[in-house]
Amino acid sequence: MQNPGQNTTVRLRLTEEQRALLRHGTGRDGEEVELRIEELEERIAPRLAANHNETMLIDA
Amino acid sequence: MPRVGQESPAELNALGIRCKAAARYDEGRALYRRALALVRAAPGTDWNAVATLYHNLGGIEHARGNCGEGAALARLGLAIRAGPGGGDPLEMAADGVALAALLEGQGNDDEAERLYLKALATYERTATADPADVAAALNNLGTLCARQGRLERATGLLERAAALKRTVLGREHPDLALTLNNLAVACRRRGDIARAAALYRESLDILERSLGGDHPRTLACRANASRCPADNGRRPPPG
């Protein structure tokens, strides 16, 4: 988890292969992507989903 | 696709949620337990994940009607989430709603209502609240009010829940059908038979298409609908 005071963005340099994928997928060119820490954490270790305990009325 | 036995906790948890939705409760519980063992064994235990898995294990017991056991699991999850520094308010609100449903099952309506209201207040203060979480809290508070005979309030809450679910979950989602069933019960009790009958029809159609005719929710909704007198054009009394 993110620590208080920690830099909130991370820059990742793309490989040639990744740049080609980026061009193919989006038509845009770029050498780096910038992610907020929260976005990065969501990619590396996605939070587990919690279920809902929804209640149902029985019309007795 | 992961090989059997090599799934991640997130994959096992997602499968567990699907098993619960399909009423395959033993499988769901086993999947959550496996995920919990993996999370606990990993270096630097992710306590947030542990809390969610106890929340979900409590959900299995809620679906089975074992509310005492479920409440103990849900309280443990909530305590872990809170931790020494306090947990994420939105996640704690969702934990509180899940626990409240189990408390209702134990007859503890007062604590359940407090938890629903606290969660809804948290959601109202927070722009990033998940609308599906808000809808679940509105649905549950609405059913509690309906059970207690507070039908006007129940109807308003359930209408809000249904409107949110139509928007965020879509018109074919079984969770929308659940709220439509609850709204139908509230309408029937208020004497609005025509609306109740229409809501039951919509709910049953969705449940049969999405969960099948033999799912416990479908069976319960069909039994409710069978107790609703045929639409005879009656309208609720004014006011």
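The values are calculated or read from the model by the stated rules, or taken from the named source; none is laboratory data. Because the structure is a prediction, the values reported are computed rather than measured. In this analysis, Cβ positions are derived from the backbone assuming ideal geometry, glycine residues included, and neighbour counts consider all displayed protein chains.
Quick one: is A:Met56 at pLDDT 80 or above, within 12 Å of chain B (Cβ to nearest Cβ) and surrounded by 10 or more Cβ atoms within 10 Å (Cβ to Cβ)?
Numbers: at pLDDT 80 or above: yes; within 12 Å of chain B (Cβ to nearest Cβ): yes; surrounded by 10 or more Cβ atoms within 10 Å (Cβ to Cβ): yes.
Against the criterion (at pLDDT 80 or above, within 12 Å of chain B (Cβ to nearest Cβ) and surrounded by 10 or more Cβ atoms within 10 Å (Cβ to Cβ)), A:Met56 qualifies.
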* Could you list all residues from the stretch B:14-28 that are under 17 Å from the mean Cα position of the chain (by Cα) and of a type outside the set (Phe, Trp, Tyr)? => B:Ala14, B:Gly16, B:Ile17, B:Arg18, B:Cys19, B:Lys20, B:Ala21, B:Ala22, B:Ala23, B:Arg24, B:Gly28
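In this structure, does B:Ala41 turn out to be surrounded by 16 or more Cβ atoms within 10 Å (Cβ to Cβ), small (Gly, Ala, Ser) and over 19 Å from the mean Cα position of the chain (by Cα)? Step through it out loud before you land on a result.
On the way: surrounded by 16 or more Cβ atoms within 10 Å (Cβ to Cβ): no; small (Gly, Ala, Ser): yes; over 19 Å from the mean Cα position of the chain (by Cα): yes.
Answer is no for this residue.
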* Asked: Within the stretch A:14-26, is there a residue that is surrounded by 10 or more Cβ atoms within 10 Å (Cβ to Cβ), modelled with pLDDT of 75 or more, outside any loop (DSSP other than H, G, I, E, B) and among the charged types (D, E, K, R)?
  -> yes
* Please verify whether the stretch B:182-191 includes one or more residues that are among the β-branched types (Val, Ile, Thr), closer than 23 Å to B:Leu211 by Cβ, within 16 Å of the chain's Cα centre (by Cα) and within 11 Å of chain A (Cβ to nearest Cβ). => no
